[in-house]
Each structure stands twice: as structure tokens, then as C-alpha cells.
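The values are calculated or read from the model by the stated rules, or taken from the named source; none is laboratory data. Fair warning: this is a prediction, and the values are worked out from it, not measured in the lab. Neighbour counts run over all protein chains shown; Cβ positions are idealised from the backbone, glycine included. Side chains included, ligands, DNA and RNA excluded: accessible areas come from the protein's heavy atoms. Shrake-Rupley method; radii C 1.70, N 1.55, O 1.52, S 1.80 Å.
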Amino acid sequence: MELDFERCYRAVDSRDQRFDGWFYTGVTSTGIYCRPSCPAMTPKRKNVCFYPSAAAAQRAGLRACRRCRPDA
């Protein structure tokens, strides 16, 4: 599945719950991945990458966010 950066970033910026489970947001500056609806501060564009699954984010070396619990 190809993830469109702009569409994914808009979903994260608006904390759209409809996208939960469709992709996961990796924040390279913190080493954390989150759900699109996470209540944490929206990361800068330059620090974001998107993954199709939580497992893919973990393979990239990121850990799960403790706020939104994307691995649960």
C-alpha cells in the first residue's frame, strides 16, 4: 500500500480517528511511533515518516507512544 505523505500528514495534524489502524506515524526526532489521532503535539513535517503497520515502525527502530498505545 502506497502512503500519500500529504494526506497522512493532514490526518495527523487534524487528529482524525478515522485513520487509526490505516497507518502509523513515526517521529524520527524522538524515536516514537503513534496513531494518527494521538493527542501529543503534532510533529514537524521534516521529522515524520509513515508506516503501514505498527510492526513496520518497530522494525525501523521506533518504540510505541505511551499516550496513544498504538501497539495495543
Item to check | Residues located in the range 1-44, provided they are of a type in the set (Gly, Ala, Ser) and assigned to a helix (DSSP H, G or I) | outcome: 11, 14
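Of all residues being part of a loop (DSSP other than H, G, I, E, B) and either in contact (Cβ under 8 Å) with a residue 60 or more places away in the chain or among the small types (Gly, Ala, Ser) (or both) in the range 45-62, which is least open to solvent (accessible area, probe 1.4 Å)? Just the residue, please.
Initially, the range 45-62 is screened for residues part of a loop (DSSP other than H, G, I, E, B), giving 52-53, 60-62.
Adding the requirement that they be either in contact (Cβ under 8 Å) with a residue 60 or more places away in the chain or among the small types (Gly, Ala, Ser) (or both) leaves 53, 60-61.
Numbers: 53: 39, 60: 57, 61: 63 Å².
Per the criteria, the residue is 53.
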Checklist outcome for this item: Out of (1) surrounded by fewer than 20 Cβ atoms within 10 Å (Cβ to Cβ); (2) in contact with a Pro (Cβ under 9 Å, 6 or more places away or on another chain); (3) modelled with pLDDT of 95 or more, the one residue 33 does not meet is (1)
